[in-house]
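Presented below is the structure to which this report refers.
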Amino acid sequence: MQINIFLFLFLLPFSTTLARPFVLVLSQDDFKDSIPDPTSLEPESGFDDFLDSETNPDYSLDPGSWTPLFEPDPTNPTRPEKGEDGSYYNVVLKMVEAASGGDVRVMEEAVAEIEGLVAEGHPHGQSVLGFLYDFGVVRGKSKGKGFLYHHFAAQGGNLQSKMALAYTYYRQDMHEKAVKLYAELAEVAANSFLISKNSPVIEPIRIHNGVEENKEALRKSRGEEDEDFQILEYQAQKGNAAAMYKMGIFFYFGLRGIRRDHSKALLWFLKAVEKGEARSMELLGEIYARGAGVERNYTKALAWLTLASKQQHYSAYNGMGYLYAKGYGVDKKNYTKAKEYFEKAAENEDSGGYYNLGVMYLKALGMKRDIKMASKYFIIAANAGQPKAFYQLAKMFQTGVGLKKNLPMAIALYKIVAERGPWSALSRWALESYLKGDVGKAFLLYSRMAELGYEVAQSNAAWILDNYGSLGVCIGESGICSDAERHQRSHSLWWQASEQGNEHAALLIGDAYYYGRGTERDFDRAAEAYLHAKSQSNAQAMFNLGYMHEHGLGLPLDLHLAKRYYDQALQIDAAAKLPVTLALASLWIRKNYADTFLVHLIDSLPEVYPKVEAWIENVLLEEGNATILTLFVCLLTVLYLRERRRRAPAAAAEVPQHQPIEQDAPFIH
């Protein structure tokens, strides 16, 4: 069977400053020719029949989670902040408040108390202390100590420390260790997904768009204060069934800055089904199957899913098939019935249907085992964005079952799934803090998330440092961060983001090395960073590479390559026309007037420009850019004309006496 499939796994929505989508291309070479022995797929392979949907709160799925502090549940009698972990949550709260106010004294007290917990062997305290050492917060920065404390915390069951360790191994290409941790974390995340339809992908919001604040994305994340949400709520209150469903979705998943509230979600879904809204029927089936905000009841779940399917809401068939495959809410397991429902979903191009059929073929549930068919269905489901399919493909790459063993690919797929786990709630809290103007708290939360390997959090934390660092949001080893500490921390965060495909971060790293901002000047490393951004078709990076080739800075002096990069920059971004035109003019002068004062003048401009720019900013204010450009063009014109007049007599003198001088040649008496 010939298979040549492009699998697009979108990590983040695309814009010029975001990480590019991860693209996996599978060809026939990736598939095994032979079918493995059936016994090779039994317990030791790690393949479950169907993932169970967990409904436990985040602090149960993610031990040590800060959920009780940011999303407390007063109705829960077993709240962890009131139990044996009370001292841990109290000290974390003190640390967060210290970061919020930039209070170094309180932060020192908090860290001392955390060290007390660590002395008692508290794993969640060890995780926090590892984070503090990683970033050098009132303790000397030490990646070694940070790693050690995360190692102990992970052994004690702290999953966020496992995320930090997995990311560390991932960066160092330690594939065996990274894949083991990411597999465990991805399974926790996958168990939290819905059983019938795809869970919404709740990506962290990028608070910046290049160097500017991302005002549009932030506006849409203001929760109940957002005008669009208020309009939607008004429509729902007036009886619009679709609006009721969307309100339920917002509260169920905590979308667009809305606090998660399963009780409110249930209320809106119940109102919507009174008007025959099929999607709400399906979600009610999910709620009863998971016991989210209600007592778990598989019989009611099946009834609601059946109602939804009768209205041709095909993804509901997945939930029905799942219940029959598990034997939940029915007399006994019935794989034949389950397969029938999954096929109905797949026939209507529902990704969950393809995924579930893949599981049945993989595990020979009511049918003959067919690894290639399982792979085919998982790939189709993954192409449609089904995260559980990513998880199964990752396992196949990890174990070599059906697909050739490929640990880097397995890690990449596991990481996508793992980053959707309960610890992603850090992003919601960070964004909420930022929108409320609490930049210090937002920076702390984004920093914690950055340590876990989230590219968006890395760039958000770095951007906050660059734009708000002078306000005391950064606490270093001996107090508020010095300029050197701030630049170093920002540089480290941007570098990690650039490694994960953030082209804006790569540009900033290139600039940092080129100009020596926060690090030693290094043209070679600047060129390396610009090449990384250029690989993502970034016009600014191409222009910079052209300039470095033109001047032989960090790259070989090569005017032809310089022109190629300048031309490519213009092809990608029409806004580059002016700088590219000036750069090409510079190349022309350099080629035709080599070793003349014009070339020396152009080479001196980088040193002269900052002084002129400062003068213009102080004297001419907003018209500075236009003025300096005008002065520059005029200067070049005058110098060119003077050079032409100077050369004319010499050219005339070289003409042989027996040859007449051209009538239109310049002649000076």
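The values are calculated or read from the model by the stated rules, or taken from the named source; none is laboratory data. No experiment lies behind these values; they were computed from the predicted model shown. Every residue, glycine as well, gets a Cβ built from its backbone with ideal geometry; the counts of neighbours run over all protein chains shown. For accessibility, only protein heavy atoms count, side chains too; no ligands or nucleic acids. Shrake-Rupley method; radii C 1.70, N 1.55, O 1.52, S 1.80 Å.
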Ranked output for segments 114-121, 580-587, 184-191, 310-317 by mean other Cβ atoms within 10 Å, highest leading, reads 184-191, 310-317, 580-587, 114-121
The local net charge around G321, scoring Lys/Arg +1 and Asp/Glu -1 for residues other than G321 whose Cβ lies under 10 Å from its Cβ, equals +2
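Please give the net charge around A382, taking every other residue with its beta carbon less than 13 angstrom from that of A382, where Lys and Arg add +1 and Asp and Glu add -1.
Values: positive: K376, K388, K395; negative: none.
In short, +3.
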FRET efficiency for E97 and S537 from the Cβ-Cβ distance with R0 = 51 Å, rounded to 0.05, comes out at 0.70
In whole percent, the fraction of accessible protein surface over segment 231-359 that belongs to carbon or sulfur atoms, probe radius 1.4 Å, stands at 45
From highest to lowest solvent-accessible area (probe 1.4 Å; ligands, DNA and RNA excluded), W495, W429 read W495, W429
Amide H neighbours of L194 at under 5 Å, excluding residues fewer than 5 places away on the same chain, with H built from the backbone geometry, are S199
Net charge (Lys, Arg +1; Asp, Glu -1) of residues whose beta-carbon lies under 14 Å from that of T336, T336 excluded, is +3
Output ordering of 431-444, 387-400, 346-359, 256-269 (per-residue mean of other Cβ within 10 Å, highest first) is 387-400, 346-359, 431-444, 256-269
Non-local residues with an amide H under 5 Å from the amide H of I475, with H modelled 1.01 Å from N and Pro and chain starts lacking one, are C481
Scalar couplings 3J(HN,Hα) for segment 370-375 by Karplus 6.51 cos²θ - 1.76 cosθ + 1.60 (θ = phi - 60°), nearest whole Hz, x for Gly and Pro, are 8, 5, 5, 5, 4, 4
HN-Hα couplings for segment 174-190 via Karplus (6.51, -1.76, 1.60; θ = phi - 60°), in whole Hz with x for Gly/Pro, come out as 8, 5, 4, 6, 5, 5, 5, 5, 5, 5, 5, 5, 5, 5, 4, 5, 5
Ranked output for segments 98-111, 461-474 by mean other Cβ atoms within 10 Å, highest leading, reads 461-474, 98-111
Label model pair D228, E274: point-to-point distance (7 angstrom along the Cα→beta-carbon line) in nm is 2.8
For K404 and L69, extending 7 Å from Cα along the Cα-Cβ vector and measuring point to point gives, in nm, a value of 4.8
For segment 186-297 the mean separation of alpha carbon contacts under 8 Å (6+ apart) over residue count, i.e. relative contact order in percent, is 18
Rounded to the nearest 10 Å², the 1.4 Å probe accessible area of T299 is 90
To the nearest Å², the heavy-atom accessible area per residue of segment 275-394 with 1.4 Å probe amounts to 38
The ³J(HN,Hα) series, computed from each phi in segment 258-274 with the Karplus coefficients 6.51, -1.76 and 1.60 at θ = phi - 60°, rounded to the nearest Hz and given as x for glycine or proline, is 7, 5, 4, 8, 5, 5, 5, 4, 4, 4, 5, 5, 5, 5, 5, 5, 4
